[in-house]
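Written out below as structure tokens is the structure these notes cover.
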Amino acid sequence: MEFYWAYQNYEGLMKFTEELISSTVKCVCGQTKIKYQDMDLNFEPPYPKISFDALIEKDCGISIYKFTKFNELKKEVVKKGINLDFKAIKVWPKLVDELYKKVSRPKIIQPTFVIDHPLVLVPLAKAKEDDPQKSQTFQLVCGGGFELIKAYTEQNDPQEQEDRFKEQVKLSKAGWDESNMMDENFVEALRYGLPPTAGWGMGIERFAMILADQYSIKEVIAFPTLKNIK
């Protein structure tokens with residue numbers, strides 16, 4: 001599920017998310033405290049918030065913004081004894097993303113908002129006004145690493161967005177295969193005007209897995225070709 005909400009920001013979407021998720025869990029399960037794969041989850045708001053960099057510092061002992069060059073951060077990761085596949089990691093954003101996905105995210109059990117990701121990881125999001133190296137973003141994570149929702153305040157400045165795309169192209173040439181490509185049509189559309197807007201996206205199948213206490217996503221996908229139906 002995805003939507004845009006004009007004249008809204010990511011902080012407003014976090015409040016909306018808490019209301020939507022908690023009410024849905026209560027409606028389906030009868031209460032906001034449920035069990036998923038032997039984990040006790042509590043979807044009663046408010047959900048804790050932790051910034052992306054604070055989460056990595058807590059789990060890895062590394063302050064990522066003190067090491068803004070790839071080789072510097074790689075050296076610190078090795079020093080901390082964190083095992084990553086560096087053959088596939090060639091740029092700074094990929095490295096911090098791997099620290100998050102491989103070390104920090106799997107440790108998140110209770111519904112938690114991971115906020116303010118490095119701006120380079122979310123090129124379509126607005127930067128924080130008080131800290132422009134961070135973005136106005138959040139992910140709702142729970143259940144040992146399930147990313148249920150991703151949302152952010154949309155970048156609506158066409159020049160800023162074009163510059164971000166150009167930076168992404170450079171990162172792609174440097175070996176980051178998950179970077180965004182230049183989208184001239186999107187930049188052109190922004191030149192016609194986009195009001196302050198927030199965007200929200202949810203992986204409904206993952207949420208259904210938690211509600212139904214199912215380990216495999218195939219058990220909740222509607223497409224019959226992926227299931228044995230008698």
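Restricting the first residue to segment 105-124 and requiring it to be more than 14 Å from VAL141 (Cα to Cα), which pairs with a second residue that is at pLDDT below 95 and part of a loop (DSSP other than H, G, I, E, B) meet a Cβ separation below 7 Å and a spacing of at least six or different chains? Matching pairs, first to second residue: PRO123/ASN180. Quick one: is LEU84 without any contact (Cβ under 8 Å) to a residue 24 or more places away in the chain and either surrounded by 13 or more Cβ atoms within 10 Å (Cβ to Cβ) or touching an Asp or Glu at 6+ places or on another chain (Cβ under 7 Å) (or both)? Criteria met by LEU84.
For segment 188-210, filtered to residues that are at pLDDT 95 or above and surrounded by fewer than 16 Cβ atoms within 10 Å (Cβ to Cβ), the residue that is nearest to PHE146 (Cα to Cα) is GLY201. Taken over segment 34-72, the criterion of being of a type outside the set (Phe, Trp, Tyr), under 23 Å from LEU171 (Cα atoms) and outside any loop (DSSP other than H, G, I, E, B) is satisfied by ASP53, ILE56, ILE64, LYS66, ASN71, GLU72. Of all residues being surrounded by fewer than 17 Cβ atoms within 10 Å (Cβ to Cβ) and touching a residue at least 40 places away in the same chain (Cβ under 8 Å) in segment 157-175, which is farthest from the chain's Cα centre (by Cα)? Just the residue, please. So the residue we want is ALA174. Restricting attention to segment 13-64 and to residues that are in contact with a Ser or Thr (Cβ under 9 Å, 6 or more places away or on another chain) and aromatic (Phe, Trp, Tyr), the residue that is surrounded by the most Cβ atoms within 10 Å (Cβ to Cβ) turns out to be PHE52.
The values are calculated or read from the model by the stated rules, or taken from the named source; none is laboratory data. Quick caveat, the model's predicted, so the values are computed rather than measured. Positions of Cβ are generated from backbone atoms using ideal geometry, with glycine treated the same way; all protein chains shown enter the neighbour counts.
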